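Data first, discussion second: the structure below is written as C-alpha cells.
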Amino acid sequence: MPEKKVTAATLAGAIVTILVWVLRLAGVDIPAEVAAAITTVLVAVSAYLAPHSHRPDLARPAGDTRPSA
C-alpha cells in the first residue's frame, strides 16, 4: 500500500495540472511559472497535512522500553 503522504502529493499535483488546463481552455492566461509554483505549494501542503501510513515493519519489538530517538 502506498504511503498516504505520497498519494496526497501526487493527487494534488494532478488536480492542479488539470485545473490549469481547464482554466486555459476557458481563456484564463496562466504563465507556466505560476502554474508550477501553485503546484509546488499545493503538493507541499497536501503532503504535510496527510497522515503517515502505519508501517508495521518499523514497529518496536514487544517489551522494548528504550526511549524514542
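Quick notes on this structure:
- Student exercise, the chain dipole from Lys, Arg, Asp, Glu Cβ charges, in Debye to nearest 20: 240 debye
- Farthest toward positive dipole pole in the chain [+1 Lys/Arg, -1 Asp/Glu at C-beta], among Tyr48, Ala62, Pro31: Ala62
- Computed from the Cβ-Cβ distance with R0 of 35 Å, the FRET efficiency linking Arg55 to Ala26 stands at 0.25.
- Counting charges near Thr17 (Lys, Arg +1; Asp, Glu -1) among other residues having Cβ under 15 Å from its Cβ returns a value of 0.
- Label assignment, Rg and Dmax of the Cα atoms in Å derived from the structure, set [x] 18.5, 63; [y] 12.4, 42; [z] 29.0, 93: [x]
- For the residues Ala12, Ala37, Ala47, a GNM of the chain with alpha-carbon springs under 10 Å puts the largest fluctuation on Ala37.
The numbers here are math on the coordinates, done by the rules we state, and not lab data. Every value quoted in this text rests on a predicted model; they were computed, and no experiment measured them. Note that we place each Cβ from the backbone using ideal geometry, even for glycine, and neighbour counts take in every protein chain shown.
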